[in-house]
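Written out below as structure tokens is the structure these notes cover.
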Amino acid sequence: MSDFVPVNEPVVPASAKKYVNDALDTGWISSAGAYIGKFEEAFANTIGVKHAILTTSGTTALHLALEALEVGPDDEVILPDFTMIASVFAVMYTGAKPVFCDVEPDTYNMDPNKLEEKITPKTKAIMPVHIYGHSCDMDPILEIAAKHGISVVEDAAEIHGGTYKGKMCGSLGNISAFSFYGNKIISTGEGGMVCTDDDELAERVRSLKDLSHSKQKRFVHEKLGYNYRVTNLQAALGLGQLEHLEEFLKTKEHMANFYTERLQGIKGIRTPITKDYAKNVYWMYAILIEDEFGMSRDEFAAKLKEQGVDTRTFFVPCHEQPAVSELYPTEETFPVTEYVAERGLYLPSGLAITDEQMERVCDVIESVAV
Ligand SMILES: *Cc1c(COP(=O)(O)O)cnc(C)c1O
């Protein structure tokens, strides 16, 4: 299976290895080491925010962001029906009700035209998710939020370095969450970051992630807190990766151009688009297998797999997830989400992908298409 093409393979640059070894050599392996602060500062500078707070995952970053906004059991949070389950679970951890909004047919992001009708007196926050590395259309979302006095939490787990109208995603709402899971553009193996310009929110996030220790008296805790601390080793890995972000984004752009050039003429395959307002970082190269292709998405994926090409299907609509519908059953339909969830998949898109591998993926797709 030497010519098997995996859906994701990360890259660990030499500088990252050097920093991790340095952390090991100095004995600073816990969450008190110097790489934590260095990584947080470098990340805040990259995104253009005042505060970046490292946490154990994208999921816990979202949870901390929502808790810092004091989202709780009587509240509602609006988020897209098409997203990774962690976005929804983070809302559910707070006890708030997730309220789903359908997405745009071309970017798969929250559709601002369908957002305002979801607002009720209980709406406390809106959570746009920048799907597959393409920015949401943030201006109308921010306008609606401001009009109703609602906070915006960006789920920026898939968009390290991507922009909206020239501004970094993750710096546009009140607070944002990134993920550093193994398949994300910057990775610490497992990890996440909360970003915000708001001093008070940042302070709350720092406290909540470290068991809400009282500043006045050690071992006195006035609020429920969490241990979402990260080791210095992971921070060292993250810093070493972050220094290569520009290069990583070039790799992603090259990947997308390569695939699009080869695949855009094939009938029934819809290749990704980039809106004028966005710099797309192509976290994953996502395509739709539409009816004209003459084969279902699942048949297509199975044929690719037979020939050693690994793919992943799109997310399942959130409102259909048993863990969600059991608590929040709904009769509502989300036609766009349902359409894309059934037809979408992404191709091998990791940072370690080579031209030869992409060549093979495209050859296999062409052979399957005729
Ligand atoms: C990966 C991801 C998360 C969760 O991040 P973890 O680090 O895996 O917890 C949340 N939201 C989106 C959109 C993601 O892609």
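The values are calculated or read from the model by the stated rules, or taken from the named source; none is laboratory data. If you're wondering where the values come from, they're calculated on a predicted model, not measured in any experiment. Neighbour counts run over all protein chains shown; Cβ positions are idealised from the backbone, glycine included.
State all residues of the stretch 181-199 that are of a type in the set (Asp, Glu) and either touching a Pro at 6+ places or on another chain (Cβ under 6 Å) or not in a loop (DSSP other than H, G, I, E, B) (or both); if no residue qualifies, say none. I'd like the intermediate steps shown before the answer.
Pass one, the stretch 181-199, residues of a type in the set (Asp, Glu): 190, 197-199.
If the condition is that a residue be of a type in the set (Asp, Glu) and either touching a Pro at 6+ places or on another chain (Cβ under 6 Å) or not in a loop (DSSP other than H, G, I, E, B) (or both), then Asp199 is the only one that fits.
For first residues located in the stretch 139-159 and within 16 Å of the ligand (Cβ to nearest atom) and among the acidic types (Asp, Glu), partners that are assigned to a helix (DSSP H, G or I) and modelled with pLDDT of 95 or more and lie 6+ apart or on another chain with Cβ distances below 7 Å form the pairs Asp155/Leu62; Asp155/Ser87; Glu158/Ile131; Glu158/Tyr132; Glu158/Gly133.
Per-residue answers, yes or no, for (1) basic (Lys, Arg); (2) assigned to a loop (DSSP other than H, G, I, E, B):
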residue: Thr274; (1), (2): no, yes
residue: Tyr282; (1), (2): no, yes
residue: Glu292; (1), (2): no, no
residue: Met295; (1), (2): no, yes
residue: Glu299; (1), (2): no, no
residue: Lys305; (1), (2): yes, no
residue: His319; (1), (2): no, no
residue: Val324; (1), (2): no, no
residue: Tyr328; (1), (2): no, yes
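Picking from residues in the stretch 54-97 that are in a strand (DSSP E or B) and surrounded by 23 or more Cβ atoms within 10 Å (Cβ to Cβ), the one that is farthest from the ligand (Cβ to nearest atom) is Ile78. Scanning the stretch 102-133 for residues that are away from the ligand (no atom under 14 Å from the Cβ) and free of Cβ contacts under 8 Å to residues at least 40 places away in the same chain yields Pro112, Asn113, Lys114, Leu115, Glu116, Glu117, Pro121.
The residues of the stretch 131-180 that are hydrophobic (A, V, I, L, M, F, W, C) and in a helix (DSSP H, G or I), listed by number, are Ile131, Met138, Ile141, Leu142, Ile144, Ala145, Ala146.
Residue count for the stretch 118-154 under the criterion of being in contact with a helix residue (DSSP H, G or I) (Cβ under 7 Å, 6 or more places away or on another chain) and farther than 20 Å from Thr83 by Cα: the result is 1. The residue of the stretch 160-192 that is surrounded by the fewest Cβ atoms within 10 Å (Cβ to Cβ), among those that are more than 10 Å from the ligand (Cβ to nearest atom) and within 19 Å of Ala90 (Cβ to Cβ), is Asn174. When Gln321 is tested against (1) over 19 Å from the mean Cα position of the chain (by Cα); (2) more than 18 Å from Ala286 (Cα to Cα), just one condition goes unmet, and that condition is (1). The lone criterion from (1) more than 16 Å from the ligand (Cβ to nearest atom); (2) in contact (Cβ under 8 Å) with a residue 40 or more places away in the chain; (3) surrounded by fewer than 23 Cβ atoms within 10 Å (Cβ to Cβ); (4) over 28 Å from Tyr346 (Cβ atoms) left unmet by Tyr226 is number (1). Taken together, Ala256, Ala202 contain a single residue that is without any contact (Cβ under 8 Å) to a residue 60 or more places away in the chain, surrounded by 17 or more Cβ atoms within 10 Å (Cβ to Cβ), away from the ligand (no atom under 13 Å from the Cβ) and part of a helix (DSSP H, G or I), which is Ala256.
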